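Each value in this text was obtained by applying a stated rule to the coordinates, not by laboratory testing. No experiment lies behind these values; they were computed from the predicted model shown. Counting neighbours? That spans all protein chains shown, and the Cβs are built from the backbone with ideal geometry, glycine included.
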Amino acid sequence: MKSSSFLIVVLLISCWSRAQVVKQLGYTQQGKASYYPDDRNKAKTRSGEIYDMRELAAAHPFLAFNSVIKVTNLENGLEAILRINDRPYTNDRVLDVTLAAAQQLGMIGKPTTLVKIEVIALDVPRDVFPKFLASLEKKTEKVVEKEIDSPYTDTSGKKQKPQGLGLQIGLFTEFSQAQQKAIELQKKGFSKVFIHQQIEKNKIFFKVVVGEYSDRPKAHPDALKLKKMGYDCFVRPYSY
């Protein structure tokens, strides 16, 4: 009798724990997600809001309403920022998202999708959420602007920010020429090779620069190595 009573108490505690609302910044979770059917539009959500399939919103079993989550589709890498305002109808999914969110995440046409959830903000009501999204976009734009500020790229064309000193070994009028030379140097064992795009007298030049050195003595061994390979080079600073 005692064991039965104990089991009932444990089950009650377990059910109570699952029913608790989680309000935790940085909380992460992985699981299956789906999206609302079309006929759900304008229905009342568990938070009391009217469902709008055009909004970026989602239902989660226990995350607090007005939590903002970053959702990553682990099957294609697409991301979306969503606000929690409902609870799913079934326990076999961690997330149900609106049609707009499903489109952004590339989920349309699939019954379920594997996703990762991360709570990035709390207590963001419906009327404030658009401003919150706008602020995130501005931060992203600033990061992109900073990346674009750098005149240096790697061989794939991705922006880089090398520091200190480098060894310049050539100047070209076409990016493809500089890229070919940079790849050639990488194949010969130089892992850090950059292409510096620079405008001089209204003309664009592409300079191939090797290495990152804190001072001239540190650059000296690679300079000797390059000269033995037949490359003329000189030490120059990375400037921005």
Could you count how many residues in the stretch 71-112 are within 20 Å of the chain's Cα centre (by Cα) and not hydrophobic (A, V, I, L, M, F, W, C)? 10
Just to verify a result, which residue in the stretch 196-235, among those that are aromatic (F, W, Y) and more than 15 Å from A178 (Cβ to Cβ), is surrounded by the most Cβ atoms within 10 Å (Cβ to Cβ)? Y213
Is there a residue being in contact (Cβ under 8 Å) with a residue 24 or more places away in the chain and over 19 Å from P237 (Cβ atoms) anywhere in the stretch 199-219? yes
Checking the condition at positive phi, part of a strand (DSSP E or B) and not acidic (D, E), which residue from G166, G157, G211 passes? G211
Please go through the stretch 54-66 and give me each residue that is under 14 Å from R126 (Cα atoms) and not in a strand (DSSP E or B), ordered by number. R54, E55, L56, A64, F65, N66
In the stretch 67-105, anything touching a helix residue (DSSP H, G or I) at 6+ places or on another chain (Cβ under 8 Å) and part of a strand (DSSP E or B) is listed as V68, V71, N73, E79, A80, I81, L82, R83, V97
